[in-house]
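The values are calculated or read from the model by the stated rules, or taken from the named source; none is laboratory data. This is a predicted model, so every value here is computed, not measured. All Cβ positions, even for glycine, are placed from backbone atoms using ideal geometry, and neighbour counts span all protein chains on display. Areas reflect the complete protein model, heavy atoms only, side chains present, ligands, DNA and RNA absent. Shrake-Rupley method; radii C 1.70, N 1.55, O 1.52, S 1.80 Å.
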Amino acid sequence: MRFNLPVLVYQEKNCVHNHADEIAQMGKNALIVTGRNSSKKNGSLDDVINALKSKNIKYTVYDGVEENPSVETVMEAREIGVKAGCDFIIGIGGGSPMDAAKAIGVMIYHKNENKDFLYKSVSNSQSLPVIEVPTTCGTGSEVTTVAVLTVHNEKSMSHRIFPRMALVDEKYIKNAPLKVICDTAIDALAHIVESCINNNATEYSKMFAKEGLEAWSKFKDVLLGNREATDEDFHNMMYASTLAGMCIAHAGTSLPHGLSYPITYELGIPHGKAVGY
């Protein structure tokens, strides 16, 4: 069996502030990659900016990542990052900004390559350092190498980039609509289940799956609308999501994810809901 997870993961309250020193060790000039609204509303963007300011780290914010990010978005952010002289990336948000952050890190590192390079097979993927700050409870992208981009359909870039660090704080989902929590939590459940039926499943990946299912079961009644969420529920939502990411980092997904991409692309149904269907 093989086990490798080279991502430093912190899950705790105020973890961005608590680990500002380690963020500062990644470089001198950050490109913050995020969406247009949610990171501003939930406080995650302010937390990251304040941490960078406290360590006198320069930063540029790119907030143009759309749902199901396109290669064109990646290339636009790449140009901004190169022009600003950025030497590390911080992705903030759900799967779209975090996936985009990995792809942008690859393309800034290879600043003379065109967009086709994202899908070029290489033996040793290289990127600027990437930090991920998840603000939904489903994608698990903070601990996987995968970046799904839209190119007249959704597909993963060829490069496999593990983030250097994941900063997981449940406070960012406390004001999220229940619909968003449900959609993303279903994605996490799918990651757990699909990893177990993938031929690459091992005793290690199943260990994460078992723990993830136990955490997921504790907040199921919240998703069903039977009770209000508690602080423990929000903790378990993020915990299950990160564990689910660890599952697919080792074993991968399977048929439900493969079938979901056309549903999302053609019908505009959110990824987690499409996987659930």
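Overview of values
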quantity	calculated
Per residue Cα convex hull volume in Å³ - calculated over region 95-135	75 Å³
Estimated inter-spin distance, Glu76 and Glu232, nm [label 7 Å along Cα→Cβ]	4.5 nm
Low-density loop positions, trypsin sites (Lys or Arg not before Pro), region 199-243 - DSSP coil, at most 14 other Cβ in 10 Å	Arg227
Whole-Hz couplings from phi, Karplus 6.51/-1.76/1.60, listed for region 3-11; x for Gly and Pro	9, 8, 9, x, 10, 7, 10, 10, 10
Within the accessible area of the chain (1.4 Å probe), percent carbon and sulfur	50 percent
Antiparallel DSSP beta bridges within the chain, percent to nearest 5	10 percent
The chain: most fluctuating residue of Ala244, Ala166, Ala20 per GNM, C-alpha cutoff 10 Å	Ala20
For region 19-159, convex hull volume per residue from C-alpha positions, Å³	99 Å³
Distance between region 3-48 and region 165-228 - C-alpha centres, whole angstrom	21 Å
The chain, Rg to Rh (Cα coordinates; Rh as Kirkwood inverse mean 1/r)	0.94
Length-normalised contact order of the chain in % [C-alpha pairs under 8 Å, at least 6 apart]	20 percent
